[in-house]
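These notes concern the structure reproduced below.
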Amino acid sequence: MKNGAKMKRSEAVIYARVSSKEQEKEGYSIPAQLKLLNQYAKDNGFRAIHEYVDVETAKQAGRSSFGEMVNYLKKNPDCRVVITEKTDRLYRNMRDYVILDDIDLELHFVKENVILSKDSRSSEKFIHGIKVLMAKNFIDNLSEETKKGMNEKAEQGLWPSMAPLGYINAQGSDDKRTIIPDPETSSIIARMFERYATGNYSMREVSTIARKEGLVLPKSGTPINLATTHRILHNRIYSGYFEWNGKMHKGKYTPLIAPELWETVQNVLHGHNLKKHRKAKNDFAFSRLITCGHCGCSLVGEIKKGRYIYYHCTGYKGKCPEPYAREEVLEAHFAKALQALNFDSEIMNWIIQALKESHQDEKEYLDEAIARLQKKYATIQHRIETMYTDKLDGRIDNDFFDQKANEWRNEQVRILRDIEQYQNANQSYFEEGIQILELARKASSLFEKQPPLEKRRLLNFVLSNCTWKDRGLDVTYRQPFDIIAKTTAIENKKKIAEVVSGDNFEIWRPR
């Protein structure tokens, strides 16, 4: 060694580090470092009492083993020797240098053939300081390259960081890292959005239900709390779009919810569409589904005599004249409403034929709409490129360019989303139409067989604005079930021959 040490050579600690797991594949492996450092300790009469190892990937990730080593050296003044491979293995920044310098250690850099201590010459300390700065520069450059790579991934529509709750990191078909829905938690996340969008659930209720369904944090395994629920419902990534460094990107991964559902949830979060419901003690079949026709308050269930379920107005706005109603009575009214969607197989065949014939008209309309949107997207792109030229020529400043470019890029995101919706509609128009018809035909029989929670979900899907007044139920059918109910009522009064003649064919034609 260049610099002989006068301190007693007995106990020493060994420190090894790689800056990323990839470096282990490039000859910087931890086992190779430890073998070299232990052999050096043996050859120079040291007893290596501890080995500290760090494998880090990001500048701010922290080094747990480095911190443990520092704490050990502070508590054990008899051990003053640290053996490591090179300067950039030990330090990542000037702060690390200052921390170790304050402890008054003897540092052995094996590959650099240098021993540094308080007795070292000033020239050696100067050279060592230069190496520390070079190590910091290497880390800073590595961080910049990492950020550059993450930005590039975002531009390609790939989520560049750790997967959010509901997704897992995986290798894509193009050998690029991406995120895919977590089979255990993705459906729970989707239901959280669906529940909150109705305005019938508070955030605390959504969080409680998700915990009961088994949603936990992946690292700790602890159930989610209210703060996590709040972050999930605000996170746009679940809709297939995400923001990275202030820019909006369309993701090339499977979304858990539709963008429209995400926007509905944001409206509810900001106080729009939020319904005022008094919380019920029990979760009955028709809880949060019916409002009172007299005052607009919710109807809630209550158990009488330990087994009979009655519904009554909450009286939130004062005393209400509507009497109690048995759950069986309400169930009969809902079953009757669903029976209005039922039609025979002959009508079903006629409707399927009508859908097939109208599919071509729908396709032509969608193709025209897509072409218009693509032209609009190209126009905006031309504006951005023209404005960029104006910025380079000094005709506009950077702040104005950034503001307008961001607005136009957000508009392009909305256009791309609309194009995708039209393309999906083009592909699934006929199949979804058949599925809706099958659901309408089976709604009544499905309703009778389902448990309370599933009954409410089915009714929420088919009906809206259900009110109970003077012992009568009034419902509104959601689209397109309103058209099915209307047409079924007409066709049930006519002969099959009149149906085939096409008198009501226009009801089923798309606008």
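Brief remarks follow.
- The residue pairs whose first member lies in region 408-419 and is within 13 Å of GLN381 (Cβ to Cβ), whose second member is charged (D, E, K, R) and modelled with pLDDT under 80, and whose beta carbons are closer than 9 Å, counting only pairs six or more residues apart or on different chains, are ARG409/LYS247.
- Selection within region 467-508: residues that are of a type in the set (Lys, Arg) and either surrounded by 12 or more Cβ atoms within 10 Å (Cβ to Cβ) or closer than 11 Å to ALA340 by Cα (or both). The member of this set that is modelled with the highest pLDDT is LYS469.
- Enumeration of residues in region 89-108 that are part of a loop (DSSP other than H, G, I, E, B), without any contact (Cβ under 8 Å) to a residue 40 or more places away in the chain and not aliphatic (A, V, I, L, M): ASP104
- Of the residues making up region 21-80, those that are of a type in the set (A, V, I, L, M), out of contact with any Ser or Thr (no Cβ under 9 Å at 6 or more places or on another chain) and modelled with pLDDT of 90 or more are LEU34, LEU36, ALA41, ALA48, ILE49, MET69, VAL70, LEU73.
- Out of ALA325, ALA332, ALA337, sole residue that is within 30 Å of LEU439 (Cβ to Cβ), of a type in the set (Gly, Ala, Ser), without any contact (Cβ under 8 Å) to a residue 24 or more places away in the chain and not assigned by TED's automatic domain parsing to the domain that holds LYS442: ALA332
- Residue ranges of helices (runs of 4 or more DSSP H) in region 165-253 with at least 2 members over 30 Å from ASP402 (Cα atoms), in contact (Cβ under 8 Å) with a residue 60 or more places away in the chain and touching a Gly at 6+ places or on another chain (Cβ under 8 Å): 186-197
- When THR208, THR198, THR185 are checked against the criterion of being polar (S, T, N, Q) and under 14 Å from the mean Cα position of the chain (by Cα), a single residue qualifies: THR185.
- Filtered residues of region 213-254 (kept if more than 12 Å from MET192 (Cβ to Cβ), out of contact with any helix residue (DSSP H, G or I) (no Cβ under 9 Å at 6 or more places or on another chain) and of a type in the set (Lys, Arg)): LYS219, LYS252
Conditions tested, residue by residue: (1) surrounded by fewer than 16 Cβ atoms within 10 Å (Cβ to Cβ); (2) of a type in the set (A, V, I, L, M, F, W, C); (3) modelled with pLDDT under 90; (4) not assigned by TED's automatic domain parsing to the domain that holds THR185.
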| site | (1), (2), (3), (4) |
| --- | --- |
| HIS234 | yes, no, no, no |
| TYR238 | no, no, no, no |
| PHE242 | no, yes, yes, no |
| ASN245 | yes, no, yes, no |
| GLY251 | no, no, yes, no |
| LEU256 | no, yes, no, no |
| PRO259 | no, no, yes, no |
| VAL265 | no, yes, no, no |
| LEU274 | yes, yes, yes, yes |
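- For region 354-379, the candidate set comprises residues that are surrounded by 15 or more Cβ atoms within 10 Å (Cβ to Cβ) and among the hydrophobic types (A, V, I, L, M, F, W, C); within that set, the residue that is modelled with the highest pLDDT is LEU373.
- Only one entry of LYS118, LYS111 meets the criterion of being in a loop (DSSP other than H, G, I, E, B), assigned by TED's automatic domain parsing to the domain that holds ILE30 and under 19 Å from LEU36 (Cα atoms), and that entry is LYS111.
The values are calculated or read from the model by the stated rules, or taken from the named source; none is laboratory data. Being a predicted model, the structure only gives us computed values, none of them experimental. Heads up, the Cβs are rebuilt from the backbone with ideal geometry, glycines too, and the neighbour counts pull from every protein chain shown.
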